[in-house]
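Each remark here refers to the structure printed beneath this line.
The values are calculated or read from the model by the stated rules, or taken from the named source; none is laboratory data. Treat the numbers as computed from the prediction; the structure is a model and nothing was measured. Cβ coordinates were reconstructed from backbone atoms using ideal geometry, including for glycine residues, and neighbour counts include every protein chain displayed. Note: accessible area is taken over every heavy atom of the protein model, side chains too, but ligands, DNA and RNA are not part of it. Shrake-Rupley method; radii C 1.70, N 1.55, O 1.52, S 1.80 Å.
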Amino acid sequence: MHTKAVSLRLFAKHFMGLNRFTYCLLAVFMLLSASLSAQQSERILIKYAGKGFTDENAEPGAITFLRDNTQQVHFVHNGVDMWCDKAIYYENQNFIEAFSNVRVKQGDTITMTSKYVEYSGQTELAFARGDVVLKEPKSTLTTEKLYFNRVNQQAYYDTSGKVVRDSSGTVTSQIGRYYLQTKKYQFVQDVVLVNPEYTLETERLDFFTENGHAYIFGPSTITGETNKIYCERGFYDTNEDFGYFERNAKIDYDNRRIEGDSMYFDRNRSFASATNNITVTDTINNSIVKGHYAEVFREKDSVFITKRALAITVQDNDSIYMKSDTLMLTGPEDARITRAFHNVKLYKSDLAGKADSIHVNHKTGLTQLINLSRFDSGDAFAIKRRPILWNMGNQMTGDTIHLISNVKTEKLDSLKVFFNAFLISKDTLSDDGYNQIKGKELIGLFRDNELYNVYIIKNAEVIYYNYNNENELFGINKSTSGSINIQIEDNDIEEIRLIQSVDGEILPEADFPKNARKLRGFDWREDEQPTSVEDLFKDDPPLILPIIKGLEDYVPQEDFFDDDLNERIEDAGKTAVNTPNKAAWQLPKNASDSTKTKVKPVPKQKPKLIKPVSSEDKKSGN
């Protein structure tokens with residue numbers, strides 16, 4: 001009864017101008033209602049109103065309040081204040097309708113404005129309609145219709161809404177939920193976040209206003225001025241401009257696409273990294289890079305990739321595959337540099353190679369196969385890692401090998417072998433014979449990607465199997481000279497020219513000792529030659545990829561009108577005697593029908609204003 005007494009004192013204070021008789025009737029009615037509701041929810045209190053009246057034709061217990069020229073109608077209930085220009089209070093259901101310039105305030109941080117509000121003191125459910133604006137310190141929500149459940153501190157809309165946050169931009173969606181206690185928005189359907197730097201489009205988004213963290217679910221895109229991100233599960237920090245992306249994740253920028261199982265992106269640093277099953281596609285340079293860990297620096301125009309790194313240069317009729325422990329691509333599209341480090345292998349249908357490291361200048365067409373400088377040239381391990389090329393049956397080795405390609409035709413032009421040059425081809429007509437040429441340096445020329453001319457410069461040596469027109473071996477040539485020129489046709493040596501300081505002889509096979517048929521440094525490495533793309537990885541240890549824990553799966557929104565709220569609405573209807581359950585007025589169609597009292601509404605008629613008492617009436621005592 002204490003609460004009702006406060007209500008009555010406030011009512012009396014502000015309505016001394018009402019007809020005394022009518023006021024007494026209202027006071028008696030409110031006291032009776034209070035005695036019947038003592039065990040129910042706390043009553044809505046009237047703190048101020050300019051005018052008040054009842055209508056005998058209106059629903060019993062309905063009181064209408066109007067503002068005056070100085071203040072709005074003011075109600076309070078359980079820590080929430082409400083102001084409006086007009087209100088209808090249904091005493092028996094502890095329910096209020098507020099009209100025109102409605103303002104609701106909860107504590108010091110939450111305010112809501114709208115054209116119309118319904119509020120039940122029994123369910124503590126508010127319904128706002130018409131230019132609804134909900135504000136909290138970090139964000140502002142606008143929509144046409146909003147439900148606000150004060151018991152669990154949740155707001156909900158399903159008729160399209162917009163949330164503005166200064167540092168994060170604007171979010172729009174068809175359906176939205178705001179959890180006031182955790183400061184979390186949950187957006188569903190046609191979600192669009194617009195920021196000066198990018199636009200995010202998704203179907204489901206969880207957004208925390210305190211820290212600006214956004215969790216993305218379902219097919220989603222983040223489109224910036226210079227890049228576009230796609231994923232089906234992601235996280236983005238809208239304050240710091242970085243994020244994680246999973247499930248078909250990809251980033252497009254500057255004619256490049258990066259794909260991977262898990263990706264990280266930092267907009268401020270123009271940096272991205274990816275883990276597991278990575279593909280980087282360059283449409284300008286017709287190249288593809290694969291691996292299982294990658295880093296991309298856009299401003300430096302560089303890509304770093306490791307863990308079974310594979311670079312593919314796509315050509316019209318063939319492609320070049322280069323595998324290494326680590327790959328690095330740097331430079332703009334017209335001056336791209338590719339660096340491959342350690343355990344490098346090359347494969348093309350008519351070319352294969354191995355080296356410790358490879359450097360490719362795409363602008364000049366120069367490919368350098370580099371030896372291990374940290375090992376002595378006589379070291380067995382260093383020899384094993386010495387750069388090597390295979391082309392149409394020919395094996396070429398040396399300390400360093402340069403391949404020159406025609407960047408326009410994308411065909412091999414020439415090669416240079418520096419120091420310890422060694423060319424070997426298996427003699428096709430003998431069981432264990434090898435044609436061999438060695439010297440300090442080697443220069444080779446290509447025609448249609450086939451080696452046709454070879455120059456051996458300085459300290460040249462040769463062992464060559466000579467055949468007549470009937471393919472009969474008539475001798476083995478072993479000679480030395482200052483240099484050698486070799487003409488090759490259809491992968492066979494057609495002519496050998498020894499130049500300067502020639503010394504040698506041709507001996508019959510029977511007279512040529514088997515232990516002298518190989519030049520010093522001979523190393524036939526056919527078993528190392530990649531003959532397919534799969535062969536590039538055959539010597540690698542088993543690949544063990546890190547397990548990506550990943551972001552948590554989407555948790556669907558629970559029903560806003562849950563069992564607890566429906567039960568409160570149904571209980572509120574028990575006080576409605578032959579009148580509709582007003583707490584259930586705005587329930588959506590799919591809400592529980594049990595909460596809706598099926599009665600014929602009382603016809604509403606034009607209310608009759610109770611005129612204020614005049615000064616003459618006061619003097620006469622009437």
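Annotations
- Residue in the range 57-75 that is under 27 Å from Glu570 (Cβ atoms) and either modelled with pLDDT of 95 or more or under 52 Å from the mean Cα position of the chain (by Cα) (or both) present: yes
- The set of residues in the range 569-588 that are assigned to a loop (DSSP other than H, G, I, E, B) and within 47 Å of the chain's Cα centre (by Cα) comprises Trp585, Gln586, Leu587, Pro588.
- Matching residues, the range 395-404, being surrounded by fewer than 23 Cβ atoms within 10 Å (Cβ to Cβ) and in a strand (DSSP E or B): Gln395, Thr400, His402, Ile404
- Just so you know, in the range 565-584 the residues that are β-branched (Val, Ile, Thr) and open to solvent by less than 20 Å² (accessible area, probe 1.4 Å) include one that is nearest to Asn149 (Cα to Cα), and it is Ile569.
- The strands (runs of 3 or more DSSP E) found wholly in the range 44-114 and carrying at least 1 residues that are of a type in the set (D, E, K, R), open to solvent by 40 Å² or more (accessible area, probe 1.4 Å) and over 15 Å from Ala128 (Cα atoms) occupy 45-48, 51-53.
- Flag if Ile383 is modelled with pLDDT under 90, within 14 Å of Phe522 (Cα to Cα) and not in a loop (DSSP other than H, G, I, E, B): yes
- Only residues that are over 27 Å from Asn94 (Cβ atoms) and among the aliphatic types (A, V, I, L, M) were counted in the range 124-140, giving 0.
- Selected residue [hydrophobic (A, V, I, L, M, F, W, C) and open to solvent by 40 Å² or more (accessible area, probe 1.4 Å)] from Val164, Val171: Val164
- Residue within the range 305-327 that is more than 18 Å from Arg269 (Cβ to Cβ), in a helix (DSSP H, G or I) and either out of contact with any strand residue (DSSP E or B) (no Cβ under 9 Å at 6 or more places or on another chain) or not hydrophobic (A, V, I, L, M, F, W, C) (or both) present: no
- Only one of the numbered conditions (1) assigned to a loop (DSSP other than H, G, I, E, B); (2) modelled with pLDDT of 90 or more; (3) crowded, with 19+ Cβ neighbours inside 10 Å is violated by Thr364, and that is (3).
- With respect to (1) at pLDDT 90 or above; (2) within 60 Å of the chain's Cα centre (by Cα), the lone exception for Asn491 is condition (1).
- Strands (runs of 3 or more DSSP E) completely within the range 418-530 that count 1 or more residues being basic (Lys, Arg) and under 17 Å from Met396 (Cα atoms): 434-447, 450-467
- Of all the residues in the range 204-223, those that are out of contact with any Lys or Arg (no Cβ under 7 Å at 6 or more places or on another chain) and surrounded by fewer than 16 Cβ atoms within 10 Å (Cβ to Cβ) number 3.
- Within the range 417-447, if we keep just the residues that are out of contact with any strand residue (DSSP E or B) (no Cβ under 7 Å at 6 or more places or on another chain) and of a type in the set (Asp, Glu), the residue that is most open to solvent (accessible area, probe 1.4 Å) turns out to be Asp431.
- Subset of the range 540-551 [on the phi < 0 side of the Ramachandran plot and touching a residue at least 60 places away in the same chain (Cβ under 8 Å)]: Asp540, Leu543, Leu545, Pro546, Ile548, Leu551
- Filter pass, Lys290 being surrounded by 17 or more Cβ atoms within 10 Å (Cβ to Cβ), farther than 29 Å from Glu197 by Cβ, among the basic types (Lys, Arg) and out of contact with any Gly (no Cβ under 9 Å at 6 or more places or on another chain): yes
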